[in-house]
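*Asks:* Pasting a structure below so you can have a look.
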Amino acid sequence: MWLGAWLALGLAGVPGLGMALPLASDSAMTLITEEWPPYNYVERGRLTGVSVKIVQALQRELGRRDPIQVYPSQRAKLILESRSRTMMFSMFRTPQRETRYKWIGPIGRDAIYFYQRRGSPLLIRTLQDAKEVPVIASRQAGLVFNTLIALGFTNLDATAYSSKQVYGKLLRGRAELAISDSPLGVRYLLTQMGVPVEALQQTPVKVVESDLYIAASLDFPDVEIAQWQQALDRLKARGELERLTRGWP
C-alpha cells in the first residue's frame, strides 16, 4: 500500500505520466517594452500593439501576470542588460545580439528603410547614394544607428530622442533622408502627427531586416525559456498567433 502510493506520487511528476510539469520558476520577473508602433506603443494611455497582444496571450498560456512596463528604447535595453530576470520585446535578432540574450520567437518579421520627402529629386537606390546626401536624420543610438556607423556613414544627424522627431526633421527640410521605423510604423507615426502618409516616400534601400523576438536576460534557466517557446508554439499551432496579428495596424 505505502509502496504503491509512493510510486504514484513519484510518477505524477514524470512528463506524460500524470500531470503537466509546473513552470520552471514562479519567481517574479521584469517584462519591459519600448514605444515602437505598430508592435508596442501607448495609445490614449493604454499599452497596445501586435506584440503586446502576443505577449499577453503567452502570459495567459503560462499562468503569469507580470506587468508590462514601457521605457524609452535605450533605457529599456540598459534594464535588460543590467537587471536579473528581465525580458524585453520586440527585438530584432541579429548576429551582433545573438549571445547577449536568450531568445523566444519569432513573433514577427520586419525591416527598416530610408525615407525621403515625396517629390524629392534625390535618387536613392544604394547605400552609397545615401552616404552622399548632406544629412540623414536618425535616433541617437540603437540598432539602426550602430548599423549605419558600422557601414561607414558620417552624415547622420543623431540628435533625435523619438521617431516623431526623426521624421519631423525630414518633413521640415532639415534632413534629406530619415530612418528609424518599419514601414507600418512610419505610416502610424505620420497619422499621429496629422501628416498625410503620402508626404514621405520609402526608398528601396533597406538597412536592417530580421525576425522579431522576445529577448531574455542570460540568467533565465534554459528550461524556463523553453517553456515560453513551447507556449508560443502552441499559440501558433492553434492559429491564435495568426488571429492576433491579423489587421495590424
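The values are calculated or read from the model by the stated rules, or taken from the named source; none is laboratory data. Predicted, not measured: the structure shown is a model, and the values here were computed from it. Using ideal geometry, Cβ is built from the backbone for each residue, glycine included, and neighbour counts are taken over all protein chains shown. The accessibility values were calculated without ligands, DNA or RNA, using every heavy atom of the protein model including side chains. Shrake-Rupley method; radii C 1.70, N 1.55, O 1.52, S 1.80 Å.
*Asks:* For the structure I just gave you, tell me whether Val208 is open to solvent by less than 30 Å² (accessible area, probe 1.4 Å), within 25 Å of Pro95 (Cα to Cα) and not in a helix (DSSP H, G or I).
*Replies:* Numbers: open to solvent by less than 30 Å² (accessible area, probe 1.4 Å): yes; within 25 Å of Pro95 (Cα to Cα): yes; not in a helix (DSSP H, G or I): yes.
In short, yes.
*Asks:* In the stretch 69-101, which residues are free of Cβ contacts under 8 Å to residues at least 60 places away in the same chain and within 17 Å of Val208 (Cα to Cα)?
*Replies:* Within the stretch 69-101, Pro95, Gln96, Glu98 qualify.
*Asks:* For the stretch 58-68, give me the residue count where each residue is touching a residue at least 40 places away in the same chain (Cβ under 8 Å) and either surrounded by 15 or more Cβ atoms within 10 Å (Cβ to Cβ) or aromatic (Phe, Trp, Tyr) (or both).
*Replies:* Adding up the residues that qualify gives 4.
*Asks:* Could I ask something else about it? Could you list all residues from the stretch 168-197 that are open to solvent by less than 30 Å² (accessible area, probe 1.4 Å) and either under 19 Å from Ile124 (Cα atoms) or not in a helix (DSSP H, G or I) (or both)?
*Replies:* Once the filter is applied, which keeps residues that are open to solvent by less than 30 Å² (accessible area, probe 1.4 Å) and either under 19 Å from Ile124 (Cα atoms) or not in a helix (DSSP H, G or I) (or both), the stretch 168-197 yields Lys169, Leu170, Ala175, Leu177, Ala178, Ile179, Ser180, Asp181, Ser182, Val186.
*Asks:* Do we find a residue being over 16 Å from the mean Cα position of the chain (by Cα), at pLDDT 95 or above and polar (S, T, N, Q) anywhere in the stretch 61-75?
*Replies:* Taking every residue of the stretch 61-75 in turn, none turns out to be over 16 Å from the mean Cα position of the chain (by Cα), at pLDDT 95 or above and polar (S, T, N, Q).
*Asks:* Here's a follow-up. Going by the structure shown, is Arg117 within 28 Å of Thr191 (Cβ to Cβ), open to solvent by 20 Å² or more (accessible area, probe 1.4 Å) and in contact (Cβ under 8 Å) with a residue 40 or more places away in the chain?
*Replies:* yes
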